[in-house]
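Accompanying notes for the structure given below.
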Amino acid sequence: MKPVIQFVGGHNIALKIPKFKYEETVRFYQDILRLPYLGQEQGSYKFQLGPSTLWLDCMDNYSQQDVWLEVQTDDLEAASNHLNECGVDRRDEVEIHEGAAGYWISDPCGTILRVNPQREGD
């Protein structure tokens, strides 16, 4: 019997922002919405967005913004097999995460999703 694969929403949402709108967008979340600021990591600003972390990533080669989401599963390999059987292509070329356990996919309209192992307590 095949295991039932379950995905849950992760804690990360990334806005990939064109360089020409980046500083203005950071100011919007920081000064207008006044979301709790979590600092910078690898050049990206991080804000608390409810139970999620909102990452603002500056993209030199983008002409419009893009939204990337995270989902988690308790069995990465079974999830990968399930997604493959459903015709969902891996998209690991979108961003390199050296030594990371998860992988990238996209939905039919192109939204990028990071599939990560479920963390304790989630």
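For ILE17, what is the net charge nearby, where nearby means another residue's Cβ is under 14 Å from its Cβ and Lys, Arg count +1, Asp, Glu -1? Summing Lys/Arg as +1 and Asp/Glu as -1 gives 0. Between SER52 and ARG91, the distance separating the two model label sites (each 7 Å from Cα on the Cα→Cβ line) works out to 1.5 nm.
Rounded to the nearest 10 degrees, the inclination of helix 76-85 to the longest alpha-carbon principal axis of the chain is 80 degrees.
Please give the net charge around ARG34, taking every other residue with its beta carbon less than 15 angstrom from that of ARG34, where Lys and Arg add +1 and Asp and Glu add -1.
Once positives and negatives cancel, what remains is +1.
Taken about its Cα centre, the chain carries a charge dipole of roughly 380 debye when the Cβ of each Lys and Arg holds +1 and the Cβ of each Asp and Glu holds -1. Calculated mean residue ellipticity at 222 nm for the chain: -4500 deg cm²/dmol, from DSSP H runs with n ≥ 4 weighted as -39500 (n - 2.57), summed, divided by the residue count and rounded to 500.
With θ taken as phi - 60° and the Karplus curve 6.51 cos²θ - 1.76 cosθ + 1.60 applied, the whole-hertz 3J(HN,Hα) list for the stretch 61-72 is 10, 9, 9, 8, 6, 9, 10, 10, 10, 10, 10, 10 Hz, x standing for glycine and proline. Rounded to the nearest Hz, the phi-derived 3J(HN,Hα) couplings of the stretch 104-110 under the Karplus curve 6.51 cos²θ - 1.76 cosθ + 1.60 (θ = phi - 60°) are 9, 9, 9, 7, x, 8, x, where x marks glycine and proline. In this structure, ILE5 and GLU41 have a Cβ-Cβ separation that, at R0 = 41 Å, corresponds to a calculated FRET efficiency of about 0.85.
Within the chain, what is the longest stretch that has no GluC sites (Glu not before Pro) placed in a DSSP loop and near at most 15 other beta-carbon atoms within 10 Å?
1-94
For GLU70, the residues whose amide H sits under 5 Å from its own are GLY10, ASN12, ARG114, ignoring neighbours fewer than 5 places away on the same chain, with H placed 1.01 Å from N. The H on the amide N of GLN6, modeled in the peptide plane, is under 5 Å from the matching H of ASP74, each at least 5 residues off or on a different chain.
Summarising the label geometry, the points placed 7 Å from Cα in the beta-carbon direction at ASN84 and LEU69 lie 2.4 nm from one another. Cα to Cα, under 18 Å, and not fewer than 8 places away if on the same chain: which lysines meet these conditions relative to LYS46? Result set, ordered by chain and number: LYS16, LYS19, LYS21.
In the chain, what percentage of the DSSP-assigned beta bridges are antiparallel, given to the nearest 5?
Values: 21 of 34 bridges.
Of all bridge pairs located within the chain, approximately 60 percent are antiparallel.
Shown in residue order for the stretch 46-55 are the 3J(HN,Hα) couplings computed by the Karplus curve 6.51 cos²θ - 1.76 cosθ + 1.60 at θ = phi - 60°: 10, 10, 7, 10, x, x, 10, 9, 9, 9 Hz (x for Gly and Pro).
Annotation: amide H-H contacts under 5 Å for LEU38 (H modelled 1.01 Å from N, sequence separation of 5 or more, or interchain): LYS46, PHE47, GLN48.
Relative to the Cα centre, the charge distribution of the stretch 58-114, modelled as +1 at Lys and Arg Cβ and -1 at Asp and Glu Cβ, gives a dipole magnitude of about 120 debye. How would the stretch 51-122 be classified by its alpha-carbon gyration tensor: rounded, prolate or oblate, with rounded meaning a/c under 1.5 and the a/b versus b/c comparison settling the rest? Verdict is oblate for the stretch 51-122. A full extension of the chain between ASP107 and MET59 corresponds to an added length of 15.2 nm, given 0.36 nm per residue minus the alpha carbon distance.
Coordinate-derived values only; no laboratory data. The shown structure was predicted, so the numbers you read here are calculated from the model rather than taken from an experiment. A quick note on method: Cβ atoms are made from the backbone with ideal geometry, for glycine too, and the neighbour counts reach across all protein chains shown.
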